[in-house]
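Undergrad: What follows is a structure written as C-alpha cells; I'll ask about it next.
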Amino acid sequence: MIVVLKSNPNREQLESLISWLQEKGIIIHTSIGEAHTILGLVGDTSQLDIDLIAALDIVEDVKRVQEPYKNANRKFHPEDTVVKVGNTQIGGGSLTLMAGPCSVESEEQVVAIAKAVKASGATMLRGGAFKPRTSPYSFQGLGATGLEYLKVARQETGLPIVTELMDLSQLPLFKDVDVIQIGARNMQNFDLLKAVGHQDKPVMIKRGMSATYEEWLMSAEYVMAGGNENVILCERGIRTFESYTRNTLDLACIPVLRKLTHLPIIIDPSHATGKSWLVDPLAMGAVATGADGLLIEVHNDPAHALCDGPQSLKPEVFDQVAKKLLKLHDFMKTLEE
Ligand code: PEP
Ligand code: MN
C-alpha cells in the first residue's frame with residue numbers, strides 16, 4: 001500500500017500516523033520527491049482501513065499496490081534510483097560502461113585490459129574470478145587469486161570492480177569488491193539473495209535465462225527486503241527457440257522496467273548474442289532505448305580466451321564502440337530537451 005502525503009504535512013500528525021502503522025507491524029519506506037512524499041507500507045496491510053487513512057488531513061491519496069514486489073516498485077519510489085559506486089554512479093542520466101574480460105586469467109591480462117578500457121571511457125571494470133561454467137571440465141576461474149588481480153587492476157586504474165559471487169561461502173572474500181554480481185544461473189538462489197541483502201555493497205542481478213520481469217523483480221525484492229537498496233538489474237538475453245545467437249536480447253525490458261521499477265538497468269549484449277560483431281549494433285540499440293549502461297566483454301586475445309572469446313571485443317574495437325555509444329547517449333539527451 002502507498003500513502004501519498006499532502007505537501008508540507010503537519011509533523012505531529014505524520015509522526016502519529018507512522019507510529020500507529022509501526023505498532024501494527026508495518027515497515028515504512030519513505031520516498032521524498034519534488035512534488036510529494038510517499039510512504040510505502042510493507043507487511044500485512046490487509047488489516048488497514050484505507051478510508052480511515054485517506055480521511056486524514058495530511059493524506060492526499062492511498063492506493064493498494066497489487067504487484068508482489070514493493071521496495072522495487074516505482075509506485076513506492078517514483079524517482080529513479082542512482083547507485084553510487086566509488087567516484088562513479090549508475091543511473092541518473094549517466095551512461096555506465098562496465099567492460100573487461102569474461103574471466104580474470106592473469107594479473108598482466110586484467111591490468112592491461114583495465115587500462116585499455118579506461119582509456120576508452122569505461123567507468124567500471126568487470127571480470128569473473130568465480131565462473132559458472134556449463135561444463136565441469138571448462139576453466140572455472142582463478143577464484144580468490146582472481147579477486148586479488150582485480151584489486152590490483154582497480155589500484156592501477158581507479159576503476160571500481162564488478163565480479164560474480166557464486167556461493168554464500170565466498171561472501172567474506174567479496175568485502176573489498178565494489179559491486180557484487182549475481183549471475184543469471186543464480187538469479188533465484190534465494191539464500192544468496194538474502195545474504196547480499198544483509199550487506200551494503202551494490203548488487204547487480206542478471207536476469208535468469210527464463211525469468212519473467214516479475215520473477216526478476218522479485219529477486220531484487222529479496223535483496224531490498226534485507227535492507228540493501230543498491231540494486232542494479234542486468235538483462236543478458238533470454239532463451240528462445242532461436243539458436244543463431246547464444247540468447248535473445250530483450251530490449252523491451254528497458255521501457256517495461258522503467259515503468260515498473262526505479263532501479264537502474266544495464267544491458268549485456270555480449271552474453272545476449274555470443275558473437276562479438278553483434279555487440280556494437282545491440283549496444284547502440286540499448287542506448288537508444290534508454291539503458292543506464294552496458295556490460296561488454298573485452299579481451300586482449302579473444303582467440304585464446306579461457307572463456308567467452310567469440311563474444312569478446314578486442315580493446316581497439318571496444319574503443320570505437322565506446323566512442324559511438326557515448327556520442328549516441330549525448331545525442332539522446334538532446335532529444336529529451
Ligand atoms: C558473466 O557476466 O560473466 C556471466 C557468467 O554472465 P551470465 O550470468 O549472464 O551468464
Ligand atoms: Mn562471459
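All of the numbers you see were taken from the coordinates with simple rules; none came from a lab. Just so you know, these numbers come straight off a predicted model, no measurement behind them. Here Cβ is always computed from backbone atoms with ideal geometry, including for glycine, and neighbour counts include all displayed protein chains.
Undergrad: Rounded to the nearest 0.05, what FRET efficiency do Ala55 and Thr245 give with R0 = 51 Å and r taken as the Cβ-Cβ distance? Could you check? Each step should come with its number before you reach the end.
TA: Numbers: r = 56 Å, r/R0 = 1.09.
So, using R0 = 51 Å, E works out to roughly 0.35.
Undergrad: Shape verdict for the chain, please, from the Cα gyration tensor: rounded (a/c under 1.5), prolate (a/b greater than b/c) or oblate.
TA: It comes out prolate by the Cα gyration axes.
Undergrad: Using the scaling law 2.2 N^0.38 Å as the reference, what is the normalised Cα Rg of the stretch 14-129? Working shown, then result.
TA: On the way: Rg = 21.9 Å, N = 116, 2.2 N^0.38 = 13.4 Å.
With N residues counted in the stretch 14-129, Rg over 2.2 N^0.38 Å equals 1.64.
Undergrad: Further question on the same structure: Can you check how the C-alpha radius of gyration of the stretch 277-335 compares to 2.2 N^0.38 Å, as a plain ratio? Could the numbers behind the result be given before it?
TA: On the way: Rg = 12.5 Å, N = 59, 2.2 N^0.38 = 10.4 Å.
After normalising by residue count via 2.2 N^0.38 Å, the value is 1.21.
Undergrad: Return the sequence-ordered ³J(HN,Hα) values of the stretch 77-85 in whole Hz as given by the Karplus equation 6.51 cos²θ - 1.76 cosθ + 1.60 applied to θ = phi - 60°, using x for Gly and Pro.
TA: Going residue by residue, I get 8, x, 7, 4, 7, 10, 9, 8, 9 Hz, with x marking Gly and Pro.
Undergrad: Could I ask something else about it? Keeping to pairs on different chains or 8 or more places apart, tell me how many lysine pairs in the stretch 35-176 have Cα atoms under 27 Å apart.
TA: 17
Undergrad: Okay, next question. Hydropathy at least -0.5 by Kyte-Doolittle, axial extent at least 27 angstrom from the Cα trace: which helices of the chain, defined as entire DSSP H runs, fit? Don't jump to the answer; show the numbers that get you there.
TA: Working: long enough: 315-336 (31 Å, -0.26).
Helix filter hits for the chain: 315-336.
Undergrad: Another question about this same structure. Apply 1/(1 + (r/R0)^6) to the Cβ-Cβ distance of Gln47 and Lys175, taking R0 = 51 Å, and write down the FRET efficiency to the nearest 0.05.
TA: On the way: r = 41 Å, r/R0 = 0.80.
After rounding, the FRET efficiency stands at 0.80.
Undergrad: Also: Across the stretch 267-337, how many lysine pairs separated by 8 or more positions, or lying on different chains, have Cα atoms within less than 19 Å?
TA: On the way: Lys275/Lys314; Lys275/Lys324; Lys314/Lys323; Lys314/Lys324; Lys323/Lys333; Lys324/Lys333.
Taking the Cα cut-off of 19 Å, the pair count is 6.
Undergrad: Starting from the 7 Å offset along Cα-to-Cβ, what nm value, one decimal, do you get for the label separation of Gln188 and Glu79?
TA: 3.5 nm
Undergrad: How far apart, in nanometres, would the label points at Lys115 and Val152 be if each is projected 7 angstrom from Cα along the Cα-to-Cβ direction?
TA: With each label placed 7 Å out from Cα toward Cβ, I get 1.3 nm.
Undergrad: Residues in the stretch 66-108, backbone N under 12 Å from the label point at Ser31 (7 Å along the Cα-to-beta-carbon vector): list them, ranges by number please.
TA: The answer is 70-82.
Undergrad: Write out the chymotrypsin sites (Phe, Trp or Tyr not before Pro) in the stretch 65-162 meeting two conditions: DSSP loop, and at most 12 other Cβ atoms within 10 Å of their Cβ. Mind showing how you got there, number by number?
TA: Working: sites: Tyr69, Phe76, Phe130, Tyr137, Phe139, Tyr149; in loops: Tyr69, Phe76, Phe130, Tyr137, Phe139.
When the chymotrypsin sites (Phe, Trp or Tyr not before Pro) of the stretch 65-162 are filtered for loop state and at most 12 Cβ neighbours within 10 Å, Tyr137 remain.
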